[in-house]
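Visitor: Mind having a look at this structure? Questions to follow.
Derivation of every value follows stated rules applied to the coordinates shown; laboratory data play no part. Please read all numbers here as calculations on a predicted model, not as lab measurements. Cβ placement follows ideal geometry from the backbone for every residue including glycine, while neighbour counts extend to all protein chains displayed.
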Amino acid sequence: MSSTATEKSVLESVPKQLLIGGEWRDASGGATFEVEDPATGLALCSVADATPEDALAALDAAVAAQAGWAATPPNERSEILHRAFLALGEQADELALLMTLEMGKAIAESRGELAYAAEFFRWFSGEALRLDGYYKTSGNGASRVLVMRQPVGPCFFITPWNFPNAMGTRKIGPAIAAGCTMVVKPAQQTPLSMLALARVLEECGLPPGVLNVITATRSGDVSAPVIGDPRLRKLSFTGSTGIGKKLIAQAADQVLKVSMELGGNAPFLVFADADLDAAVEGAMLAKMRNMGEACTSANRFHVHESVAREFAAKLAARMGALSLGRGTEDGVDVGPIIDATQRDKVAELVDDAVARGATCLTGGTKREGAGYFFEPTVLVDVPAGARVLGEEIFGPVAPVATFSTDEEAIAAANDTEYGLVAYVFTRDLDRAFKVCEALETGMIGLNQGIVSNAGAPFGGVKQSGTGREGGNEGIAEYLETKYIALNLG
Ligand code: NAP
């Protein structure tokens, strides 16, 4: 098949309707919206545009399925997740192409995301078998303490466009393992990957109503009635800090259990004693994974003044050699930015830095023509106060600033309302631990440029959010603790 024919066949095979109670159905009223290819600006296909009534119908289905699903043996829940883990591997070619078409990242990156997404199903298929409680004699010996863990109940998940599958499986995996049902609302730019994921889970034996998917353009309108419904027990959101704050306020009304995976402004610290080549390698991963459109993306590089020039030159050589293009094409490393608004914001941050005195070592401009491309960019001599150091860039831009003492580096790293992740490159063990202890983040990459791992607790502090996804901690977000005081007479 020609590549266009393959794209067509992959697009045709994806469900375009809402999944509610095990049925694929049109939005009430029949409205649809177009999904765009950010590499061309052209429409790929249309999907159902849910109404608030559809969203409540999806919640009805989740509520109706909850008791039966909670009573399903853990072995069955575990096996469904394991089958889904295998299925994502078997269908990786088609799912990666679909993701690249709607989101833009190069095919190799989409494959990487799918492998990461699948790992959450593998991890939580194990966790389903390890749900436990405990029994003990109270201190005074008068009674017994019995503690059990039960599924929280129906959940609502809102996910972003940057990792269209992985940000879903990080929530869906533990919810399935714990025995929770759910309604999922993916981002409007990337609904197809979530619809395809729902189909995979359906084929792997997930019963009707456990997972319901609504795609919509009026996100606030369809979400508000679900969040305000007393039958909902949990809200888990991945997205920007601004929207996260609004959702926390809405969730307060029903005192919902919330998990918030929000924005970041990750500092990347390179000390004078670092292995510079390893630091550049780590920088490429931390900066260029997902074209910089990751909450974990290294947003600013603070490099010791004695090695800053050399580090920046090496980084610029690597960044300048990347090839920009449609993610489906062979040899392309960097795809388009998700849309014109985001691409223009990246351009604005670069222009602001240059106007304040920064120098561009490579890149610096958007590419004219179809699609939303921005060249991989390295900026040096970026002065304090430049917007690019304070705001989440979400694009392939690496601003380099310098420091002279460890204290200065730590202060610069912590000078942000965000606290998701930081990267530290040093070969001095004492320094490494002192700096890690002082950094105000939920995660740290120590001499490595990537932290994402299904078996580790992912999440942030400060305005980067609350709660953890993955690791031993991930399942706890979907369980309530119930204590029974036992009187044995
Ligand atoms: P966003 O604008 O906050 O959107 C995220 C999701 O929220 C989308 O599904 C969006 O739907 C929905 N949404 C928007 N307004 C809403 C409202 N009023 N009520 C309910 N839902 C609403 O974020 P984004 O631009 O898609 O994603 C980028 C952000 O996500 C970045 O800040 C990034 O750092 C963060 N992120 C964080 C993590 C993490 O784990 N900490 C991981 C990935 C991304 P529409 O598509 O319809 O707008």
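Visitor: Given contacts defined as C-alpha pairs under 8 Å and at least six residues apart, what's the relative contact order of the range 140-202, whole-number percent?
Guide: Relative contact order here is 39 percent.
Visitor: Also, quick follow-up: Which of the peptides 453-462, 478-487, 110-119 is most tightly packed, and how do the rest follow, judged by the mean count of other Cβ atoms within 10 Å per residue?
Guide: Ranked from most to least packed, the peptides come out as 110-119, 453-462, 478-487.
Visitor: If you don't mind, another one. Select from VAL334, SER323, THR296 the residue farthest towards the positive end of the dipole of the range 288-335; place +1 on Cβ of Lys and Arg, -1 on Cβ of Asp and Glu, and compute about the Cα centre.
Guide: THR296
Visitor: Okay, moving on. Of the beta bridges DSSP finds with both residues in the chain, what % are antiparallel, to the nearest 5?
Guide: The antiparallel fraction comes to roughly 45 percent.
Visitor: How tilted is helix 308-320 with respect to the longest principal axis of the chain? Cα atoms for both, answer in degrees (0 to 90, nearest 10).
Guide: Once rounded, the angle reads 70 degrees.
Visitor: Turning to a different aspect of this structure: Starting from the Cα-Cα distance between GLU473 and ILE450, subtract it from 0.36 nm times their residue separation and give me the gain in nm to one decimal.
Guide: 6.3 nm
Visitor: Given the Cα-Cα distance of ASP428 and THR6 and 0.36 nm per residue of separation, how much length would full extension add, in nm?
Guide: The span from ASP428 to THR6 would gain 146.8 nm if fully extended.
Visitor: Counting only C-alpha contacts under 8 Å and six or more residues apart, can you give the relative contact order of the chain as a whole percent?
Guide: Reported as a whole number, the value is 18 percent.
Visitor: Counting only other residues whose beta carbon sits under 10 Å from that of HIS304, what net charge do I get with K and R as +1, D and E as -1?
Guide: Around HIS304, the charge tally is -4.
Visitor: Further question: Using Cα-Cα distances under 8 Å and only pairs 6 or more residues apart, what relative contact order does the range 1-144 have, in percent?
Guide: It comes to 21 percent, rounded to a whole number.
Visitor: Continuing with the same structure: Amide H neighbours of GLU480 under 5 Å, at least 5 residues apart or on other chains, H built in the peptide plane: list them.
Guide: Here the answer is GLN150, VAL152, since their amide H atoms fall under 5 Å of that of GLU480.
Visitor: While we're looking at this one, here's another question. Fewest Cβ neighbours within 10 Å first, please rank LEU446, LEU379 accordingly.
Guide: Result, fewest neighbours first: LEU446, LEU379.
Visitor: A follow-up question, please. Looking at GLY371, CYS45, ASN487, which one has the Cα that reaches farthest to the positive end of the dipole of the chain (charges on Cβ: Lys, Arg +1; Asp, Glu -1)?
Guide: ASN487
Visitor: Can you give me the three principal axis dimensions of the chain from its C-alpha atoms, in Å, biggest first?
Guide: Rounded to whole Å, the extents work out to 72, 66, 39 Å.
Visitor: Follow-up. Could you tell me whether the range 424-489 comes out rounded, prolate or oblate from its Cα gyration tensor? Rule is a ≥ b ≥ c as square roots of the eigenvalues, rounded for a/c under 1.5, then prolate if a/b exceeds b/c, otherwise oblate.
Guide: The shape class here is prolate.
Visitor: Which percent, to the nearest 5, of DSSP beta bridges fully inside the range 338-489 are antiparallel?
Guide: 40 percent
Visitor: Suppose every Lys and Arg Cβ carries +1 and every Asp and Glu Cβ carries -1, with no other charges. What dipole size does the range 211-348 come out with about its Cα centre, to the nearest 20 debye?
Guide: Roughly 640 debye for the range 211-348.
Visitor: By the scheme Lys and Arg +1, Asp and Glu -1, what is the net charge of all other residues having a beta-carbon under 11 Å from that of ARG149?
Guide: Taking every other residue near ARG149 into account, the sum is 0.
Visitor: Turning to a different aspect of this structure: Which ³J(HN,Hα) values in Hz, rounded to whole numbers, follow from the phi angles of the range 219-235 under the Karplus curve 6.51 cos²θ - 1.76 cosθ + 1.60, where θ = phi - 60° and Gly and Pro get x?
Guide: 4, x, 5, 7, 7, 4, x, 5, 5, x, 7, x, 7, 6, 10, 8, 10
Visitor: Something else about it: Put +1 on the Cβ of each Lys and Arg and -1 on the Cβ of each Asp and Glu in the range 47-161; which of LEU114, VAL152, ALA65 then has its Cα farthest toward the positive end of the dipole?
Guide: Comparing the listed Cα positions along the dipole, VAL152 ranks first.
Visitor: Next up: Where the only charges are on Cβ atoms (+1 Lys, Arg; -1 Asp, Glu), what is the dipole of the chain about its Cα centre, to the nearest 20 debye?
Guide: 1260 debye
Visitor: How tilted is helix 276-288 with respect to the longest principal axis of the chain? Cα atoms for both, answer in degrees (0 to 90, nearest 10).
Guide: 50 degrees
Visitor: Would you calculate, for the chain, the mean residue ellipticity at 222 nm contributed by helices, counting each DSSP H stretch of 4 or more residues as -39,500 (n - 2.57) and dividing by all residues, to the nearest 500?
Guide: -12500 deg cm²/dmol
Visitor: A further question on this structure: Against the longest alpha carbon principal axis of the chain, how many degrees, from 0 to 90 and to the nearest 10, is the axis of helix 166-178 turned?
Guide: 30 degrees
Visitor: With +1 on the Cβ of every Lys and Arg and -1 on the Cβ of every Asp and Glu, and nothing else charged, how large is the dipole of the range 18-74 about its Cα centre, in debye rounded to the nearest 20?
Guide: 260 debye
Visitor: Set the Förster distance to 45 Å, then compute FRET efficiency between GLU480 and SER306 from the Cβ-Cβ distance, nearest 0.05.
Guide: That gives a FRET efficiency of 0.25.
Visitor: Let me ask another. Quick check: from the Cα gyration tensor, does the range 266-453 come out rounded (a/c under 1.5), prolate or oblate?
Guide: In terms of gyration-tensor shape, prolate.
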